[in-house]
Amino acid sequence: MNEPPMYNSIGLKNQTHITEFILLGFGEHQLLKIPLFLLFLLIYIVTMAGNILIILLVFTDQQLHTPMYFFLGRNLSFLEICYTSTIMPRMLASFLTGYQAISIVGCMVQLYSFGTLVATECYLLAVMSYDRYIAICKPLHYPVLMNARISIQLVTCSWACGLLGSTVVIILTFNLTFCKSNGINHFFCDFSPLVSLSCSDTSLVEIALLVVCCIISIFPIVLTLTSYVCIIITILKIPTTMGKQKAFSTCSSHLIVVTVFYASLLAVYLVPRSESSKNWNKIFSLFYTVLTPLFNPLIYTLRNKEVNMALRKCLCKLITFTRLE
């Protein structure tokens, strides 16, 4: 039986078939392993706690039982928890133990999970922008155009599109043969660094990825931009400054999240790749894989009055219950 080739610092490799990969991650910063572990552990704990808190607030507070918070609390926050958990525990373990190997099957599972979740988030953010468009531009029609049944249908379509697009890519990727260096220059199994290690013809897979990326990113971005153009035009027509501020405050949090997420995503997947850009790709990947799930609960709680009020009521009940005990 052939032994799997192992990555080494000078890039030597044999031509045997690979059975596992080495996630190089931030391995070049050996002296920073412990500080990076502590930093990412803190980020992961805050991310999980923040998103779980939003889910609990939306479930327990009757005032948050609206389509907007259905998308935010019962879907986006849940998605962010799954999203960050596909990458962070594995990365934290490699910092702590130094073990960076991952099997081909494990790599494909991570790639499929990550691809499904990121595609679903693209569509979910677009759905949330459409929700804000209806609320601001067609407020009288909001109860009809964004009722519970339609909200569930939109969320279901978002998940279905994410699963379908990711399934097509992963099937093609799984059929590739890997016989080059097994060192993936990334902190998780991302598509581009993985495919670059294949000794098969990757043209079909790359074309499929390009088509899927356009479908899962360009279409939601166009829908989001269109929604916000209409929202801005409507807000500018409001006669009072107070009215403009109130209308914009209902969508400003979502706009910040959308900008950070899409900007980092496009920087990684649609900007031409080169050897010098690989480290930059890792940095940009941190934004939408690690920092966006962290910022989302912070942005929505700090900038959203209704969520803040729900949080205060929850804290007051907790304090009262503690005193009674």
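The values are calculated or read from the model by the stated rules, or taken from the named source; none is laboratory data. As the structure is a prediction and not an experimental result, all values here were calculated from the model. Reconstructed Cβ throughout: ideal geometry from the backbone, glycine too, with neighbour counts over all protein chains shown. The protein model used for the area step is the full one, side chains on, heavy atoms only, and it has no ligands, DNA or RNA in it. Shrake-Rupley method; radii C 1.70, N 1.55, O 1.52, S 1.80 Å.
Observations, loosely collected:
- Carbon and sulfur %, accessible surface of region 171-228 computed with the full protein complex present, 1.4 Å: 75 percent
- Highest-MSF residue in the chain out of 66, 226, 241 [GNM, Cα springs under 10 Å]: 241
- Our helix-only sum for the chain, with -39,500 (n - 2.57) per DSSP H run of n ≥ 4 divided by its residues, gives a mean residue ellipticity at 222 nm of -22500 deg cm²/dmol.
- In the chain, taking the dipole from charged Cβ atoms about the Cα centre, the farthest positive-side position among 106, 239, 83 is held by 239.
- In summary, the convex hull built on the alpha carbon positions of the chain has an orientation-averaged projected area of 20.6 nm².
- Mean separation of Cα contacts under 8 Å (6+ apart) over length of the chain, as relative contact order %: 25 percent
- Region 209-223 and region 135-161 have Cα centres lying 21 Å from one another.
- For region 175-316, the calculated P(r) over all alpha carbon pairs, in 10 Å bins from 0 to the bin holding the longest distance, is 9, 27, 29, 18, 11, 5, 0 percent.
- With the whole protein complex present, residue 291 retains an accessible surface near 40 Å², based on a 1.4 Å probe.
- Solvent-accessible area of residue 320, all protein chains in place: 70 Å² (probe radius 1.4 Å, heavy atoms, ligands and nucleic acids excluded).
- In terms of Cα atoms, the Rg and Dmax of region 107-263 work out to 19.6, 66 Å.
- The chain: Lys pairs at Cα distance under 28 angstrom, eight or more positions apart or on different chains: 21
- Accessible surface calculations at 1.4 Å, restricted to protein heavy atoms, place the chain at 51 Å² per residue.
- Residue-level accessible surface for residue 26, protein heavy atoms, 1.4 Å, Å²: 30 Å²
- Convex hull projection area averaged over all views, region 33-118, Cα basis, nm²: 6.3 nm²
- Placing unit charges on each Cβ (+1 for Lys and Arg, -1 for Asp and Glu) gives the chain a dipole about its Cα centre, and among 286, 95, 156 the Cα reaching farthest toward its positive end belongs to 156.
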